[in-house]
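The values are calculated or read from the model by the stated rules, or taken from the named source; none is laboratory data. All values derive from a computational prediction rather than experimental measurement. Glycine also receives a Cβ, built like all others from the backbone with ideal geometry; neighbour counts cover every protein chain displayed.
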Amino acid sequence: MKLALNEKTTIGIVAILFALFGLIFFGMSGSLTFLGWIIIIIPFYFILDTFNLSQGEKAIYSIFIGLALFPALTYWPGRLFSFRMVVVIVFAALSALAYFLRKK
Amino acid sequence: MKINRYIEAIIVALLYLTALYFWTLPIQQNPLPYGEVDAASHYAVADYTLSLDRSIEILPDYIDMRYGRDNTFKEHVLWYPPPFHMGLATGGFLGGSSTVPVYLTNAVFCLLIILSVYFVVRRLFGFKAALLSGILLMFSIRDILIYIWGQWPERMAFAYVPLVLYSFYQYVMSFIKGKPNTIYLYLMSILLALNLFIHPMVFFHTLLGLILFSLFILIREKKIFFSIKHMAIVVVLFFLIISMFPYQTLNVLGRSQDSGANPAEKGDFSRFFSWFKPPQNNPGVPDSYFSYRDMIGPLWSILFLVLGIALLLLRRSSKDLLLLAWLASLYIMIHLDVFGTGRVHRSLSGTAHIFYPLMSIGLLYALSFLPALGKWRGHLQNGAIIVFAVLLLSATGPSAQGFLEGAYQGVGRINGHQSEYTEWLRSSDLEEDASFVHVGSLSLAKTRWLWMIGHRYHYPSTIQAEAPPIYTVIDLSDFALIRDQQSIAALQNLELTFSNKTAVYESEFIRVYRN
């Protein structure tokens, strides 16, 4: 079987590399940490996908915006509700936004 | 050099994972938290958020004891803009613990500089220069030292500098070509606001870089290279984002007026003729921190650095001006003490981020003079780049690895007995506002870790407290580990004064008594 490299398979390979790295050196907790962050960044990538940017730019901007803006978005709701629940809700909202923008 | 973009993405991921491997060595060897007092404070905010399962606004008593007045705009409120610490807490939630996942997330954040430098150099100067810069940055010793000591947000914030500059560059280029691409400007605005949230000092680095690049372009083009309307939108967007956290943003902007400069350096204009002169009053870092050879690389590497700068100065294309603006902004930031302001030794830690790309560009420039040898030219170039990397890394790599492997090992960080004690303490029903004197402390940082992990205020017995402590912690554990029988005997002797009391906590080496 020949693996054709494209956007999705590359994201998948990178995610697997990080998950394996985490698993080998830090166990399941490390693996979940890395995978979790990759999953959090993905909606930002798809939101940026709706703009005229190169693939490299989308990847890098989604990482830099995602890693700082996502936690920022959890702060105020986290004052009122469970922080853990807020992380999930903010992620769901961003995913829905990405889906809506791509469908448009 | 042509390379498939997907394969390149995997190469970059492998580069980043290699860096992560080295930078997580301190936590691979020992999963307990480590670092100086700054590390303990950053950890504490994330840890408390996780334990409370709520974001922090008003500081809990034990954090307030130290940081209650650090927010000069509104006391007793979180002093830093929340994104960095919420990020650490998010990592803790993802990994299901407030220790290793928090440190892993921090390593991911602190290593972002490799990604941004790689990306910007790749887009502007090609794959080889980018890869070489990324590899060299992995072992940047000054970055590593600051990372293991605990000035974490500063490490992360520096990664935003090249990316903000690149975004502005892209907009300016598109404007000059008559097809302004505003998305870059909006992205720049978002990244600039995030940069301010993560670390205000570095935000000023970025801002100065933008100003200098604008000046350079203005001088060259002799015309306005942006739309007032676009700029207005950018400013509004920036202020909208930074207004998310008013108490913290106003605090950091207010505090940026504070001078952290060494008064001895004020008016010393000779400073302008050196990249950095070690300060007369050491700000608490080893002398090697100020050494090019110990932090950046062997002195011969300066030749390539100078070549890189010379090429940019001679060519002066827009991308060259961008890197020169970045270099000049750093130069100004690390000479602000001449005017009696700035935190220059902290700014100095941005040096490798621009020096390594300049060296890589200088090396490639030197190699461009190789005679045309057909297909051998490419092989010769690649060989020379590998030799350069090996020579430079053979100078910095072993020290870098040594610092990471040896970071806070042994009694340098809290030991298993102390960890057990703090775990007990944080879930105990002892008063949350109680103070604990830590007898047997090896350093202020170690006591700070008991304080921050135990969720109760501790101070070492070597300092004078304002109020008498409620509890005394007799801690023999470090002395037992280093087999210091004399100190153990002295502490046991002191413990006799509590012989008529029952310990509220008792383990093999740690006892806690109510006074």
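For this structure, a couple of remarks:
- Count of segment B:390-399 residues which are surrounded by 21 or more Cβ atoms within 10 Å (Cβ to Cβ) and of a type outside the set (S, T, N, Q): 1
- For segment B:48-59, the set of residues classified as surrounded by fewer than 17 Cβ atoms within 10 Å (Cβ to Cβ), farther than 25 Å from B:P26 by Cα and more than 9 Å from chain A (Cβ to nearest Cβ) consists of B:I58 only.
- Within segment A:9-47, tally of residues that are surrounded by fewer than 19 Cβ atoms within 10 Å (Cβ to Cβ), of a type in the set (F, W, Y) and within 14 Å of the chain's Cα centre (by Cα): 1
- Checked across segment B:34-46, the condition of being within 11 Å of another protein chain (Cβ to nearest Cβ), within 22 Å of B:L94 (Cβ to Cβ) and surrounded by 18 or more Cβ atoms within 10 Å (Cβ to Cβ) holds for at least one residue.
- Meets criteria (outside the structural domain of B:A352 (by TED's automatic domain parsing), surrounded by fewer than 16 Cβ atoms within 10 Å (Cβ to Cβ) and under 30 Å from B:I309 (Cα atoms)) for B:L370: no
- Qualifying residue in segment B:205-223 (condition: of a type in the set (G, A, S), within 14 Å of chain A (Cβ to nearest Cβ) and closer than 23 Å to A:E57 by Cβ): no
- Those residues of segment A:32-72 which are of a type in the set (A, V, I, L, M), closer than 16 Å to B:A13 by Cβ, at the interface with chain B (Cβ under 7 Å from one of its Cβ atoms) and in contact with a Gly (Cβ under 8 Å, 6 or more places away or on another chain), in sequence order: A:L67
- Scanning segment B:491-515 for residues that are of a type in the set (G, A, S) and within 40 Å of the chain's Cα centre (by Cα) yields a total of 1.
- Residues of segment B:47-54 include none that is outside the structural domain of B:E431 (by TED's automatic domain parsing), under 23 Å from the mean Cα position of the chain (by Cα) and of a type in the set (G, A, S).
- Subset tally (residues that are hydroxyl-bearing (S, T, Y) and under 21 Å from the mean Cα position of the chain (by Cα)) for segment B:311-335: 2
- Condition check for B:Y356: surrounded by 21 or more Cβ atoms within 10 Å (Cβ to Cβ), among the aromatic types (F, W, Y), closer than 27 Å to B:R220 by Cβ and modelled with pLDDT of 95 or more: yes
- Residue within segment B:8-16 that is within 23 Å of B:H455 (Cβ to Cβ) and in contact (Cβ under 8 Å) with a residue 60 or more places away in the chain present: no
- Residue within segment B:146-156 that is within 12 Å of another protein chain (Cβ to nearest Cβ) and either touching a helix residue (DSSP H, G or I) at 6+ places or on another chain (Cβ under 6 Å) or touching a residue at least 24 places away in the same chain (Cβ under 8 Å) (or both) present: yes
- Within segment B:82-128, the residues that satisfy the criterion of being assigned to a loop (DSSP other than H, G, I, E, B) and more than 8 Å from chain A (Cβ to nearest Cβ) are B:S98, B:T99, B:L111, B:G126.
- Checked against the criterion of being within 14 Å of chain A (Cβ to nearest Cβ), over 24 Å from B:L322 (Cα atoms) and of a type in the set (A, V, I, L, M), segment B:285-294 contains not a single residue that satisfies it.
- Selection of segment A:15-61 for residues being hydroxyl-bearing (S, T, Y), assigned to a helix (DSSP H, G or I) and more than 25 Å from B:F22 (Cβ to Cβ) yields A:Y45, A:Y61.
- Pick from segment B:17-33, criterion touching a residue at least 60 places away in the same chain (Cβ under 8 Å) and facing chain A (nearest Cβ under 9 Å), ranking: nearest to B:N415 (Cα to Cα): B:P31
- Checking A:T9 against (1) closer than 26 Å to B:V164 by Cβ; (2) modelled with pLDDT under 95; (3) within 8 Å of another protein chain (Cβ to nearest Cβ), the condition it does not meet: (1)
- Here B:G284, B:G297 are screened, and the one residue that is part of a loop (DSSP other than H, G, I, E, B) and touching a Ser or Thr at 6+ places or on another chain (Cβ under 7 Å) is B:G297.
- Of all residues in segment B:205-226, those that are at pLDDT below 95 and not aliphatic (A, V, I, L, M) total 6.
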